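Accompanying notes for the structure given below.
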2 protein chains.
Amino acid sequence: MLESMSLLASAMPDLSVLQYSVVDNIFSMTVATMGAAAIFLFLSRSSVDPEYRPALMVSGLVVTIACYHYFMIRHSWQDAYALAEGGGGFVGTGAAFNDFYRYADWILTVPLLMVELVAVLRLQASKARSLLTRLVIAAALMIALGYPGEVIANPEGWTARVVWGALSSVPFFYILYVLWVELTKSLETQPVAARKLIEIARLVLLITWAVYPIAYALGGTVTALEAKAGGSVDASGIVYLQVGYAIADMTAKAGFGMLIYFIARAKSTGVENNVGGESTASPAIA
Amino acid sequence: MLESMSLLASAMPDLSVLQYSVVDNIFSMTVATMGAAAIFLFLSRSSVDPEYRPALMVSGLVVTIACYHYFMIRHSWQDAYALAEGGGGFVGTGAAFNDFYRYADWILTVPLLMVELVAVLRLQASKARSLLTRLVIAAALMIALGYPGEVIANPEGWTARVVWGALSSVPFFYILYVLWVELTKSLETQPVAARKLIEIARLVLLITWAVYPIAYALGGTVTALEAKAGGSVDASGIVYLQVGYAIADMTAKAGFGMLIYFIARAKSTGVENNVGGESTASPAIA
């Protein structure tokens with residue numbers, strides 16, 4: 001792990017102008033998305049019932065933390081690359097692209113994502129506590145076990161990367177399983193207006209979370225690792241990985257936060273349940 | 001003291017890429033944690049009873065100040081080091097890593113930490129005043145006496161460092177003793193819902209505060225001082241010191257602030273006491 005990290009520092013693969021720009025721009029777009037979602041979620045607290053405000057608060061914190069990290073990730077990307085002489089592409093400057101930002105982000109936000117979901121479901125207190133304990137421990141394990149594999153940057157480390165990825169997948173599938181089962185169980189006790197939304201949340205969770213192992217796998221093919229190690233091979237692995245993670249983060253954090261808002265609104269009393277629809281209930285408290 | 005400070009300016013020990021990155025990343029993660037905690041604490045004031053809002057306000061200020069200082073500490077760290085030619089590690093640029101940021105932070109935040117704790121306990125006014133006076137004076141002494149030892153960077157100064165450390169420990173233990181005794185005494189007068197949380201706060205205080213003298217000691221072993229003085233010796237002391245302080249600061253400020261929030265919420269009337277639990281009380285005032 002130590003050698004692969006120091007390798008990383010000087011081994012950013014050459015990129016075409018398009019490859020560099022796609023990654024650079026998706027990072028910028030992610031900053032904008034997360035920042036806007038943060039403002040929306042914080043300001044929308046007053047338009048749901050008080051018991052759903054903690055869920056929106058935590059959702060807002062998740063996208064705020066992600067906004068900070070994508071700003072820093074983009075900065076690190078721009079530090080790691082310089083326009084090649086002649087301008088035909090981008091070459092590594094010798095500075096490492098800091099992969100750890102994304103892991104620092106996940107360490108902070110994934111447990112909070114569990115909290116926002118459990119908070120909006122409003123399960124029984126003892127049930128909520130035991131559920132959160134299990135989910136938070138599993139999330140920490142998932143991230144801690146994925147990181148050693150992520151920083152492997154030499155093709156010989158491919159097997160080790162697969163092993164770390166597999167280990168990390170155990171808590172990953174456990175979390176998805178627990179959330180799926182709990183969301184399904186909770187459907188009976190939720191108001192009709194919220195059920196459809198919770199079904200969507202269940203699906204969004206499953207689809208967006210599926211992106212992470214796929215991006216991890218694409219970024220860690222032997223070809224991608226060879227590119228990372230600085231050969232003249234194609235560098236598309238690193239592009240897929242960064243774009244995949246950025247899109248998944250936008251959906252799983254900003255998109256999921258919006259769903260939490262709609263669920264909270266559907267469950268609030270004295271709030272009309274159609275944002276764009278005609279007023280059919282008493283005026284919203286906002 | 002002056003000579004050791006000027007020594008420091010040009011004597012950052014060589015670090016491996018991993019050593020440099022671990023410190024750099026833990027600083028970034030601390031910025032994110034403190035910033036998120038600040039937003040949470042400021043926005044949560046509306047969800048506790050008015051008499052507990054000052055406690056949340058002060059807790060929010062503590063993490064805001066810490067967020068600023070860690071941003072600056074990280075900046076100073078990046079200024080003090082540059083990638084070595086060939087990229088195999090990091091070497092000092094000649095710019096000093098500014099240790100004083102952390103002490104400036106402590107001078108401002110440690111007295112405020114005492115204020116947030118006394119504010120959430122809501123002791124009798126005269127009692128609170130006398131308690132705060134003693135705690136704030138002790139905190140100032142503790143920090144002022146620790147600093148001269150912290151900036152010693154030559155192995156010959158080891159004895160002086162130990163003496164300053166020992167002097168600083170007197171008010172340190174006095175504070176811990178007073179807080180432990182007062183927290184224990186206050187338990188009887190606190191509502192049942194808050195007691196468990198105050199017991200946790202007492203424990204968090206003891207454990208996180210214990211990290212500071214340990215980090216001080218690890219950063220000041222003869223080996224660590226030799227490394228600081230710019231020899232070719234192992235530089236892990238400086239890494240332990242920075243990582244130890246960062247983790248302790250996150251727990252003692254952001255973590256402790258969260259506890260203050262939970263205590264305030266448990267003591268608020270008309271607020272349900274479980275974030276994820278079913279509504280059992282009248283709607284929260286928010």
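The values are calculated or read from the model by the stated rules, or taken from the named source; none is laboratory data. Since the structure is predicted, the reported quantities are computational estimates derived from the model, not experimental observations. When we count neighbours, we look across all protein chains shown, and the Cβ atoms used for this are built from the backbone with ideal geometry, even at glycine.
Data for the structure
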{"item": "Residue in the range A:66-81 that is within 17 Å of A:Phe100 (Cα to Cα), β-branched (Val, Ile, Thr) and either modelled with pLDDT of 95 or more or surrounded by fewer than 18 Cβ atoms within 10 Å (Cβ to Cβ) (or both) present", "result": "yes"}
{"item": "The range A:38-82, residues that are within 20 Å of A:Ala246 (Cα to Cα), free of Cβ contacts under 8 Å to residues at least 60 places away in the same chain and within 8 Å of chain B (Cβ to nearest Cβ)", "result": "A:Leu61, A:Thr64, A:Ile65, A:Tyr68, A:His69, A:Met72"}
{"item": "Residues of the range A:199-223 satisfying the condition of being closer than 24 Å to A:Val110 by Cβ and modelled with pLDDT under 75", "result": "A:Gly219, A:Gly220"}
{"item": "Residues satisfying the stated conditions in the range A:83-94, i.e. of a type in the set (Gly, Ala, Ser), surrounded by fewer than 19 Cβ atoms within 10 Å (Cβ to Cβ) and within 14 Å of another protein chain (Cβ to nearest Cβ)", "result": "A:Gly94"}
{"item": "Cβ pairs under 7 Å, 6+ apart, first in the range A:208-222 and of a type outside the set (Val, Ile, Thr), second modelled with pLDDT under 80 and buried (at least 20 other Cβ atoms within 10 Å of the Cβ)", "result": "A:Leu218/A:Ala224; A:Leu218/A:Gly237; A:Gly219/A:Gly237"}
{"item": "Residue that is modelled with the lowest pLDDT [pool: residues in the range A:10-63 that are touching a strand residue (DSSP E or B) at 6+ places or on another chain (Cβ under 6 Å) and not in a helix (DSSP H, G or I)]", "result": "A:Met12"}
{"item": "Hits in the range A:99-117 (condition: within 7 Å of chain B (Cβ to nearest Cβ) and either in contact with a Lys or Arg (Cβ under 8 Å, 6 or more places away or on another chain) or at pLDDT below 90 (or both))", "result": "A:Phe100"}
{"item": "Residue within the range A:146-165 that is away from every other protein chain (no Cβ under 14 Å) and within 29 Å of A:Met57 (Cβ to Cβ) present", "result": "yes"}
